[in-house]
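Working notes, beginning with the structure itself.
The values are calculated or read from the model by the stated rules, or taken from the named source; none is laboratory data. Bear in mind that the values here come from a model prediction, so they are computed numbers and not experimental data. Cβ placement follows ideal geometry from the backbone for every residue including glycine, while neighbour counts extend to all protein chains displayed.
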Amino acid sequence: MRQNLEIPQGKRTRLYRFLEIIPGAISYGAIILLFVISLINPVWGAIYLFILISSTLVKAIGVAYRTVQGYNIIKRAERVDWHERLKDLENPHDAYERLHDNNKKSYHFEEHLDNLKMMSAMGKDYPSPSQVYHVVIMAAYNETEDVLAPSIEAVNRNTFSNDHIIFVLAYEERGGEKMAETAKTLQTKYKGVFKDFLLVKHPANLPGEVVGKGPNLTYAGQAVKDYVEKKHLPVENIIVTSLDSDNHMAIKYLDSVAYEFIVHPNRQRLSYQPVSIFTNNIWDAPAPARVIAISNSFFNVITTMRPHALRNFASHSQPLQALEAMNFWSKRTIVEDGHQYWRSLFFFFGDYSVLPIRIPIYQDAVIDDTFWKTIKAQFVQVRRWYYGASDVAYVGTRLFVPKTKRPMPFWHLFPKFWRLLDGHVTLAIMAPIITFGGWVPMIMNNSSHDMVAYNLPNIVSIIETAASIGLFITVLISFRILPKRPAKYRKGRNLLMVLQWILIPVTSILYQSLAAYYAQTRLMLGLYMEKFDVTKKVVKK
């Protein structure tokens, strides 16, 4: 059954429009309902609020546990010699004989032995490491060499053989002549460093495309397809990694991905998701941007511990053969990364998943030329992320249809749909409910002397205090993921890294709730976001 994977343009069907309205309707309705119930009966309002806020306490406990667990696993994964383990796959039988009596236990060691044993039994029904190639596509708009060169250098420093890395700088015609000059300068600088260094200029204003990263990546992907055919490279053994211009992959990332690609028989139906950590320039960023960057980093750490809920985010890797089959990324959404999960899931009729790679790719915190420009740029970035609520309609129109039109069984897809919807609604409602909700039953019933309503603010405060345990653990671990403090900053900067967390109520309201409501309101009104507002990259000398 051939599927249409694209997001509709222009007029939507009634079902599609209904599902676009649903996230915002529920988010607004949850707040309005608190006022209505409290007006009718303050005790009912208090119970409703208590249920919502109690879920925050449960989640806070889970956050604390998953944060510690995830951080420890990432550190253990970073200590593994993935290059050596990849070499073991060249001759798995000999490697197994050499290692199976080894008492040295390390992260993933037992799994490594199991993989060697399995591959020994399989014979040659898998690619050897020497047959695997990496294509790294870096999307650029108008960034300077100061921004792009460190990201390319991070790929160069990877322990994977450069002879099997094809680097693609995919830049926008909209970036102007200066961007084209920068691209040519970088190509000259890195000539001979990789197997090849390709420049692909994405033309402006192509029909059927939004102004975004997805069309750029897809145009570059098609150029890679032509290159691979011309060079007679094995398309089934090529892994494509998409990068933003500020992404610095850890030195073991490509080896780790190649390892997982080889040992999984269903490799073409997987994508490989690193942990995105926003700490490249964390010491230079202002406090609100630091709080957002570290909070998002920990969210990604936690998510990697929940593979059933893991979806593509920012940089990720996927086999070229699979990308070709589905015509690469969507050209009609500004959130091509998260959307790629659903696109792939439906293309493979549900037989697709995201494999966590516990090796980081480091990204920039938001910094602009001035403090207030940074504040604005940060909001623009997160509202783009939260426009992922547009996928609710994309998924729902493939769920709530007759069985013959459904790309996968209803009860396999419904939990994924529910987590998607619940996640976006929670983003919108929880910050204002936690911050102000405790006062609503009392304010809406001034004449009431109900003790539950009048004591509710105190009860909420106690729950919030208990939930702050998760925040305390986050603060402690945040110091362990920070890069070394630059010499230009004094030790007093460390104190600011602690004090910044008092901004959590402000950043939660502004950069979580308001940004989510903004995106969902646009969807409700049919005012679609069809332009990717590029976050300016500023390098502080």
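Structure values in brief
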item: Lone unmet requirement of (1) modelled with pLDDT under 75; (2) surrounded by 19 or more Cβ atoms within 10 Å (Cβ to Cβ) for Y454; result: (2)
item: Elements of type helices (runs of 4 or more DSSP H) contained in segment 381-445, each with 3 or more residues being within 21 Å of the chain's Cα centre (by Cα) and over 23 Å from L510 (Cβ atoms); result: 391-399, 410-436
item: Complete set of residues in segment 69-103 that are farther than 30 Å from G123 by Cα, at pLDDT below 90 and surrounded by 15 or more Cβ atoms within 10 Å (Cβ to Cβ); result: G70, Y71
item: Leading residue by the ranking (nearest to D246 (Cα to Cα)) among those in segment 305-364 that are touching a strand residue (DSSP E or B) at 6+ places or on another chain (Cβ under 9 Å) and either assigned by TED's automatic domain parsing to the domain that holds L420 or of a type in the set (V, I, T) (or both); result: I361
item: Residue among R485, R480 that is surrounded by fewer than 19 Cβ atoms within 10 Å (Cβ to Cβ), of a type in the set (K, R) and either in the same structural domain as N300 (by TED's automatic domain parsing) or at pLDDT below 85 (or both); result: R480
item: Single residue of segment 248-294 satisfying the filter (among the acidic types (D, E) and touching a strand residue (DSSP E or B) at 6+ places or on another chain (Cβ under 7 Å)) that is nearest to Y341 (Cα to Cα); result: E260
item: Members of segment 89-102 found to be of a type in the set (A, V, I, L, M), within 20 Å of H264 (Cα to Cα) and outside any loop (DSSP other than H, G, I, E, B), listed by number; result: A95
item: For K105: the one exception among (1) in a loop (DSSP other than H, G, I, E, B); (2) in the same structural domain as S256 (by TED's automatic domain parsing); (3) not polar (S, T, N, Q); result: (2)
item: Flag if S344 is touching a residue at least 60 places away in the same chain (Cβ under 8 Å), among the polar types (S, T, N, Q) and not in a helix (DSSP H, G or I); result: no
item: Among the residues listed as L186, L254, L233, the single one being surrounded by 15 or more Cβ atoms within 10 Å (Cβ to Cβ) and within 24 Å of the chain's Cα centre (by Cα); result: L254
item: Any hit, segment 166-174, residues being surrounded by 15 or more Cβ atoms within 10 Å (Cβ to Cβ), in the same structural domain as W329 (by TED's automatic domain parsing) and under 30 Å from R76 (Cβ atoms); result: yes
item: Single match in G176, G208 (criterion: assigned to a helix (DSSP H, G or I) and at positive phi); result: G176
item: Filtered residue count, segment 282-329, keeping only those that are in contact with a helix residue (DSSP H, G or I) (Cβ under 9 Å, 6 or more places away or on another chain) and part of a loop (DSSP other than H, G, I, E, B); result: 17
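Residue-by-condition table, conditions (1) part of a helix (DSSP H, G or I); (2) free of Cβ contacts under 8 Å to residues at least 40 places away in the same chain; (3) small (G, A, S); (4) not assigned by TED's automatic domain parsing to the domain that holds T426:
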| position | (1), (2), (3), (4) |
| --- | --- |
| Q3 | no, no, no, yes |
| G29 | yes, yes, yes, no |
| L33 | yes, yes, no, no |
| I37 | yes, yes, no, no |
| A46 | yes, no, yes, no |
| L52 | yes, no, no, no |
| A60 | yes, no, yes, no |
| V63 | yes, no, no, no |
